[in-house]
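Inspection log for the structure reproduced underneath, given as structure tokens.
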Amino acid sequence: MDEAISKVLDEGQYILGNEIFELEEQLKNYVGVSHACVTSSGTDALLISLMALGIGLGDEVITTSFTWISTVEVIKRVGAKPVLVDIDPHTLVLDLDQVEKAISSKTKAIIPVSLYGQIADMDRLDQISKEFGITIIEDGAQSFGSSQRGKKSGSLSKIGCTSFFPAKPLGCYGDGGAVFTSDDELAEKIKAIRIHGAITRGCHTYVGINGRMDTIQAAVLLVKLKHFDEELLLRQQVAQNYYDRLREDFKLQTVLPYNTSVYAQFIIRVADRDNCLKELQNKGIPTAIHYKTCVFEHPAYADLKVNTDNFQHALKASHEVLGLPMHPFLKKEEQDYICEMVKESALAPLL
Ligand SMILES: *Cc1c(COP(=O)(O)O)cnc(C)c1O
């Protein structure tokens, strides 16, 4: 890693250095698409995608109510209207029946979020896309490396976006993200928008943004990508052990048989979460909550004026989900200890 970073420092190509193009080459092969465009963050990857599709004022974009704020933020930033739907209570990704009901003549795109690493049913979304002429953009910020029916996250829709934020399954040492597509024309536009809309230097064809990844981050990711599949396997082994030990006592995220997950988060559901959190903290076990609130509960999105009766599953999840430690190097004894402590903390009050 030190060598890879030093090389960038020696060469001095901090912006759009060779490592950027090398990384794009490797990422597109890994994901199985014709084009990868690395960006300054996952949020910018989503923003650039919406801009490249020309989505803006008067348009609607359907997405989930239970996600990181970026997914919805970018829709508003381009001037379009986010149309939120509830989640499926088992898979925790957006409910596709609700998506179909939410489609209007203004719907231009659907952004399914591959929550905790699980991809929504892309075959069904593909049918919806064809029937209604709506573009699907996968928010795969949590699912780089996950797959569905043998195809990788990022390759299952017109556009796929991911994030390399340090806490994601493949993290860099700062902010980073990527857009994936196999559409040549769209790829050219995406790459241009990333550098202020310029296709050739000095001529700005589109209104763009400064959305580039730093060369140093690309150098870091090139090193980490070599070990990624091995780490992915280890994460999946941790998850399997958690499932084996916890599935009898807790409601866990159902991963559908045609999906594999990278387990960006491994969550359990607990009714008395505050108490369980405190107990686990006392026992020295770190936890995380993704997410305490649904998108529409934030002040910036109050204008969406949703009827909360229609979001019962998302609201319930936001009150119950609790993320356990998850990384490739969690030892078997540690996993077992965590499971014991979780059972003690969450189940004790009921005894
Ligand atoms: C992390 C995340 C993003 C944003 O990625 P950044 O790289 O932090 O900008 C978008 N959507 C989801 C679902 C995420 O988890």
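None of the figures in this text is laboratory data; all of them are computed from the coordinates on show. Given the structure is predicted, the values throughout are model-derived calculations rather than measurements. A quick note on method: Cβ atoms are made from the backbone with ideal geometry, for glycine too, and the neighbour counts reach across all protein chains shown.
Brief remarks on what is shown
- Over region 203-351, the ratio between the Cα radius of gyration and 2.2 N^0.38 Å evaluates to 1.33.
- Helical content of the chain, expressed as a calculated mean residue ellipticity at 222 nm, amounts to -12500 deg cm²/dmol (DSSP H runs of 4 or more residues, -39,500 (n - 2.57) each, divided by residue number, nearest 500).
- Translational diffusion coefficient (Stokes-Einstein; Kirkwood radius from C-alpha pairs) of region 18-120 at 20 °C, 1.002 mPa s, in µm²/s: 145
- Using a Gaussian network model of the chain in which every pair of alpha carbons under 10 angstrom is joined by a spring, one finds that among Lys108, Lys283, Lys292 the greatest mean-square fluctuation is at Lys283.
- Based on every Cα atom in region 258-333, Rg and the maximum pairwise Cα distance Dmax equal 15.4, 48 Å.
- Remark: region 257-271, residue by residue, has Karplus-estimated 3J(HN,Hα) of x, 8, 10, 10, 10, 8, 6, 4, 9, 10, 10, 10, 10, 10, 5 Hz, where x stands for each Gly or Pro and the curve is 6.51 cos²θ - 1.76 cosθ + 1.60 at θ = phi - 60°.
- If you wrap the tightest convex hull around every Cα atom of the chain and split its volume per residue, you get 141 Å³.
- Furthest towards positive pole of dipole, Leu277, Gln335, Gly79, structure part the chain, Cβ charges: Gly79
- Three principal axis extents of region 159-240 based on alpha-carbon atoms, in descending order, are 51, 26, 18 Å.
- Under the convention that each Lys and Arg Cβ holds +1 and each Asp and Glu Cβ holds -1, the size of the dipole of region 198-317 around its Cα centre is about 200 debye.
- Between the amide H of Asp86 and those of Asp95, distances stay under 5 Å, these residues lying 5 or more places away or on another chain, with hydrogens modeled in the peptide plane.
- Relative contact order for region 78-135: 29 percent, from Cα pairs under 8 Å spaced at least 6 residues apart, divided by residue count.
- Working note: Debye formula, equal point scatterers on the alpha-carbon atoms of region 76-195, no solvent; log10 I(q)/I(0) at q = 0.11, 0.15, 0.19, 0.22 Å⁻¹ is -0.38, -0.72, -1.15, -1.43.
- Taking the Cα centre of the chain as origin and assigning +1 to Lys and Arg Cβ atoms and -1 to Asp and Glu Cβ atoms, the resulting dipole is close to 420 debye.
- Under 17 Å from the Cα of Lys7 - aspartates and glutamates, other chains or at least 8 residues apart: Glu19, Glu22, Asp214
- Placing +1 on the Cβ of every Lys and Arg and -1 on the Cβ of every Asp and Glu, with nothing else charged, gives region 33-185 a dipole about its Cα centre of roughly 140 debye.
- Rg and Dmax of region 90-154, Cα atoms only, in Å: 11.6, 34
- When the Gaussian network model of the chain links Cα atoms closer than 10 Å, the mean-square fluctuations of Cys339, Cys294, Cys172 top out at Cys339.
- 16 Å Cα-Cα reach of Lys278 towards aspartates and glutamates, excluding residues that sit fewer than 8 places from it in its own chain: Glu320, Glu340, Glu344
- Within the chain, antiparallel bridges make up roughly 65 percent of the DSSP beta bridges whose residues both belong there.
- For Lys108, a cut-off of 27 angstrom between C-alpha atoms picks up these lysines, skipping any fewer than 8 places away in its own chain: Lys28, Lys76, Lys81, Lys130, Lys151, Lys152, Lys158, Lys189, Lys191, Lys305.
- Candidates Leu46, Leu94, Leu252: whichever shows maximal mean-square fluctuation once the chain is modelled as a Gaussian network with Cα springs under 10 Å: Leu252
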